[in-house]
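Notes to accompany the following structure.
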Amino acid sequence: MGLLVNREIEEGCRLGLWEITEDYETLFQMTYLNDDDILRLNKFKNLNRKIESLSVRALLQQMTKRDARIVYKNQSHKPFLDDGSYNISVSHSNRYTSILLGKNKHVGVDLEYMSHEIEQLAHKFINNREVITDHPATRSEHLYIHWCAKETLYKICDKQNINFQENLTIMPFEVEQQGEIIGVIQNKSRIVEYKMRYILENNYVWVYCIK
């Protein structure tokens, strides 16, 4: 299937989505890789991880229409474009890969396949300022949106000294198929609000933010 979404969501910001249906060899042939890229790719022992990495490269090339390269410059493993033309955020889960590009803006994106494990993990990332529905039909979705939103905030803040439970709060909202939510980052020096968009589709949650 390959490219599903490649659209400008506001000036200078582009959102992409790739469905991974190709095998390793097909994706490898689709992407431009230099020696450093191939060296990094070969460090992955797991074939699925290699395919995920190649899908990111394939999607990026479709979104930029050129041989753009991702590099990792710091210990947090945050991605950058080698030419600095955009800020970039990357996420992949199960069969999908997503990229958000922002020219002169901070960006964050997270994509998660919804399983039944989120309830057991909720105590690790939900705080007492957040409101989670008790309705069994939407509780899991509500929790997943919170998790994805916090992952998105974590990425947009460059993954620096952020505790999901203590520093990140998602303001109360009702679960819809898509919508806007507010996230708050709070630490000793500042309190900042972020508007995020979420989408529920085909048992996936997709959250993105531009600041």
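Descriptive notes on the structure:
- The residues of the stretch 167-199 that are under 17 Å from residue 147 (Cβ atoms) and in contact with a Gly (Cβ under 9 Å, 6 or more places away or on another chain), listed by number, are 168, 169, 170, 171, 173, 194, 196, 197, 198, 199.
- Residue list for the stretch 23-51, restricted to those being under 21 Å from residue 86 (Cα atoms) and among the acidic types (Asp, Glu): 36, 37
- Members of the stretch 171-193 found to be among the polar types (S, T, N, Q), assigned to a loop (DSSP other than H, G, I, E, B) and touching a residue at least 12 places away in the same chain (Cβ under 8 Å), listed by number: 177, 187
- Residue in the stretch 99-108 that is assigned to a strand (DSSP E or B), within 24 Å of residue 24 (Cα to Cα) and in contact with a helix residue (DSSP H, G or I) (Cβ under 8 Å, 6 or more places away or on another chain) present: yes
- Only a single criterion out of (1) surrounded by 17 or more Cβ atoms within 10 Å (Cβ to Cβ); (2) under 28 Å from residue 140 (Cα atoms); (3) out of contact with any strand residue (DSSP E or B) (no Cβ under 8 Å at 6 or more places or on another chain) is not satisfied by residue 89, namely (3).
- Look at the stretch 102-128: where a residue is in contact (Cβ under 8 Å) with a residue 60 or more places away in the chain and a partner is exposed (fewer than 14 other Cβ atoms within 10 Å of the Cβ) and hydroxyl-bearing (Ser, Thr, Tyr), sitting 6+ places away or on another chain with Cβ atoms under 8 Å, you get 103/85.
- Residue count for the stretch 131-168 under the criterion of being under 22 Å from residue 79 (Cβ atoms) and of a type in the set (Ser, Thr, Tyr): the result is 2.
- Pairs, first touching a residue at least 12 places away in the same chain (Cβ under 8 Å) in the stretch 157-169, second of a type in the set (Ser, Thr, Tyr) and exposed (fewer than 14 other Cβ atoms within 10 Å of the Cβ), C-beta under 9 Å, six or more apart: 158/76; 159/76; 160/76
- Residues located in the stretch 99-146, provided they are more than 20 Å from the chain's Cα centre (by Cα) and among the hydrophobic types (A, V, I, L, M, F, W, C): 131, 132, 137
Values quoted throughout were computed directly from the atomic coordinates according to the rules given, and no laboratory measurement underlies them. The structure presented is a predicted model; accordingly, all values stated were derived computationally and were not measured. Cβ: placed from backbone, ideal geometry, glycine included. Neighbour counts: every protein chain shown.
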